[in-house]
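Notes to accompany the following structure.
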Amino acid sequence: MSDAVIVLDQLSKTYESTHAVADLSLTIERGEIFGFLGANGAGKTTTIRMLCGLSRPSSGRATISGADVWRQRNTVRTKFGYVAQRFSLYPDLTVEENMRFFGGAYRVPHAQLPARIDRLLSLTDLVAKRHTAAGSLSGGMRQLLALGCALIHNPPLLFLDEPTSGLDPVHRQQIWNLLYDLSNDGITIFVTTHYMDEAERCTKVGFIERGHLLAKASPRELIESFNTKLLEIDVDPVMPALVQLREEPEVLGVSLRSGSLRIFAADPDKLMTRWRDRWPFPELRFRGERRVDADMEDVFTAYSQGYDAVLKKR
Ligand code: ATP
């Protein structure tokens with residue numbers, strides 16, 4: 001039996017002439033940490049808003065635990081917590097008052113509320129900030145509070161729209177540790193992010209580009225979808241090299257990594273043989289070469305830039 005929690009079936013949203021989400025079909029299983037990746041404007045927030053019953057699909061449908069996200073939105077809303085991209089808390093209310101407010105909105109029984117708040121304060125490491133106004137918390141603490149508020153009704157599913165955007169590495173780590181704990185408790189997590197290291201922490205990753213789903217697989221499967229090792233070269237001076245190499249007909253793209261240039265090319269060995277025979281840039285000094293395995297950032301670049309020649313299948 002399928003353990004699908006979220007099912008999207010040709011889900012679409014059109015704003016006048018913009019196809020924000022186009023025929024999106026995918027299934028997310030119970031307990032998955034699903035990372036939804038895409039450039040700005042790719043359609044991530046629009047997808048989440050439809051799944052949360054905040055925006056009506058133009059066509060297609062989606063279900064959460066079998067219930068239609070639009071037609072049965074009042075039922076569906078009790079099944080998930082939502083951490084929005086923008087600050088969704090009441091800045092004048094204290095940490096505890098915000099949790100109490102969300103508890104009321106989600107109709108958590110009065111008798112259960114104090115124990116839930118205590119548990120969530122401790123989970124989010126906000127016990128000492130209990131009586132502090134939300135508006136005076138640091139960005140990281142605000143996000144932890146938003147997470148705590150989203151969990152007040154013990155939902156089995158959590159949507160997070162760029163929860164770590166703009167946070168320092170310590171708070172990013174803290175939020176991810178919390179997500180791991182929740183996933184370990186069987187909670188399904190749907191998270192959007194622009195950080196590739198975060199994508200690698202997900203159990204499944206989906207790439208969206210201009211409303212279309214380009215791929216959905218585990219991070220390892222995505223990395224293994226590269227059909228070649230990448231060529232990395234050291235050239236001086238590096239910036240002019242980057243600009244010139246991009247113009248080479250056999251080069252699909254170039255990215256700068258820790259001072260070296262990573263070359264996307266269908267046949268890097270052939271390219272390197274040609275360069276070894278005759279280096280065509282007299283003003284650039286070639287210093288060395290190596291082959292490297294692709295990482296998530298390379299995979300995202302290849303899918304989003306359409307470098308099909310380096311991918312096994314699309
Ligand atoms: P970001 O990473 O910047 O949040 P995103 O992937 O979440 O981007 P969306 O916010 O879903 O992208 O936007 C997808 C497309 O739909 C964009 O072209 C955007 O301009 C458009 N769009 C989103 N909301 C509306 C709206 N209410 N009216 C008109 N167009 C919209």
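Cβ crowding within 10 Å, taken as a proxy for footprinting-reagent exposure, orders E289, E198, E16 from fewest neighbours to most as E16, E289, E198.
In sequence order, the range 141-151 has phi-based couplings of 5, 4, 5, 5, 5, 4, 5, x, 5, 5, 9 Hz under the Karplus curve 6.51 cos²θ - 1.76 cosθ + 1.60, θ = phi - 60°, and Gly or Pro positions carry x. Taking the Cα atoms only, what angle lies between the long axis of helix 169-184 and the longest principal axis of the chain, rounded to 10 degrees? For 169-184 against the chain, the angle is about 70 degrees.
One Cα centroid belongs to the range 35-72, the other to the range 108-162; the line between them spans 24 Å.
Looking at the range 231-282, the GluC sites (Glu not before Pro) that sit in a DSSP loop and have at most 10 other Cβ atoms within 10 Å of their own Cβ are E247.
Panel order for C149, C52, C202, by other beta carbons found within 10 Å of each beta carbon, from fewest to most: C52, C202, C149.
Quick check: from the Cα gyration tensor, does the range 1-98 come out rounded (a/c under 1.5), prolate or oblate? Verdict is oblate for the range 1-98.
Each other residue within a Cβ distance under 10 Å of T193 adds +1 if Lys or Arg and -1 if Asp or Glu, for a net charge of -1. Net length available on complete extension from D181 to T78 is 35.0 nm, with 0.36 nm assigned per residue and the Cα-Cα distance removed. Each residue in D125, D3 was given a count of other beta-carbon atoms within 10 angstrom of its own, and listing them fewest first yields D3, D125.
Within the shell defined by Cβ-Cβ distances under 13 Å, the residues around R30 carry a net charge of -2, with Lys and Arg each +1 and Asp and Glu each -1. Under 5 Å between amide hydrogens, built in the peptide plane, is the criterion, and for V205 it picks out G35, A217, S218 among residues at least 5 positions away or on other chains. The range 262-314 and the range 169-183 have Cα centres lying 34 Å from one another.
Among K229, K204, K44, the largest mean-square fluctuation in a Gaussian network model of the chain (Cα springs under 10 Å) belongs to K229. With the cut-off at under 15 Å, measuring from each backbone N in the range 1-20 to a point 7 Å along the Cα-to-Cβ line of S65 picks out 3-7.
We did not get these values from a lab; they are worked out from the coordinates using the rules stated. Because the structure is a prediction, the values reported are computed rather than measured. So basically every Cβ, Gly included, is an ideal-geometry build from the backbone, and we count neighbours across all protein chains shown.
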